[in-house]
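Some notes on the structure that comes next.
The values are calculated or read from the model by the stated rules, or taken from the named source; none is laboratory data. It should be emphasised that the depicted structure is a prediction, and the values quoted were computed from it without experimental measurement. Positions of Cβ are generated from backbone atoms using ideal geometry, with glycine treated the same way; all protein chains shown enter the neighbour counts. Calculation scope for accessible area: heavy atoms of the full protein, side chains included, ligands and nucleic acids excluded. Shrake-Rupley method; radii C 1.70, N 1.55, O 1.52, S 1.80 Å.
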Amino acid sequence: MERRPKKRPSFGVRTVELNRGQDGFGFTLQGQGPCKLSSIVENSPAYKARLKPGDHVIAVNSLNVSKISHDEVVSMIGNSTGLLKLQIAENYCR
């Protein structure tokens, strides 16, 4: 009997672009390697981009952040001017 190769869990990766609102981008982060979204503010830029708590941040403005510290990711996002481009993965496994 032939063995089928194990399927790797699939996770959707997408890129979203956010403009900073009056109160920022509208999300908070937790953890690291990679960071994940912990909360989304209703009617914020993140909410309108359909981001969800638990989504993992893989890249910020085209720079891979999946293995850098929480503080560095927060700093990169906070220092972002203009359009913030995030690469997001759902159901991410290390």
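With coordinates expressed along the principal axes, the C-alpha atoms belonging to the chain extend over 61, 26, 20 Å, beginning with the largest. Dipole size of the chain about its Cα centre, with +1 on Lys/Arg Cβ and -1 on Asp/Glu Cβ: approximately 640 debye, rounded to the nearest 20. With the dipole of the chain worked out from charges on the C-beta (+1 for Lys and Arg, -1 for Asp and Glu) around the Cα centre, which of Leu29, Val13, Ser66 lies farthest toward the positive end? Positive-end residue among those listed: Val13.
When the helices of the chain are scored as -39500 (n - 2.57) per DSSP H run of n ≥ 4 and the total is divided over every residue, the value at 222 nm lands at -3500 deg cm²/dmol. Per residue, the chain exposes 71 Å² of accessible surface when a 1.4 Å probe is rolled over the protein heavy atoms with every protein chain present. Apolar share of the accessible surface for the chain: 47 percent from carbon plus sulfur atoms, 1.4 Å probe.
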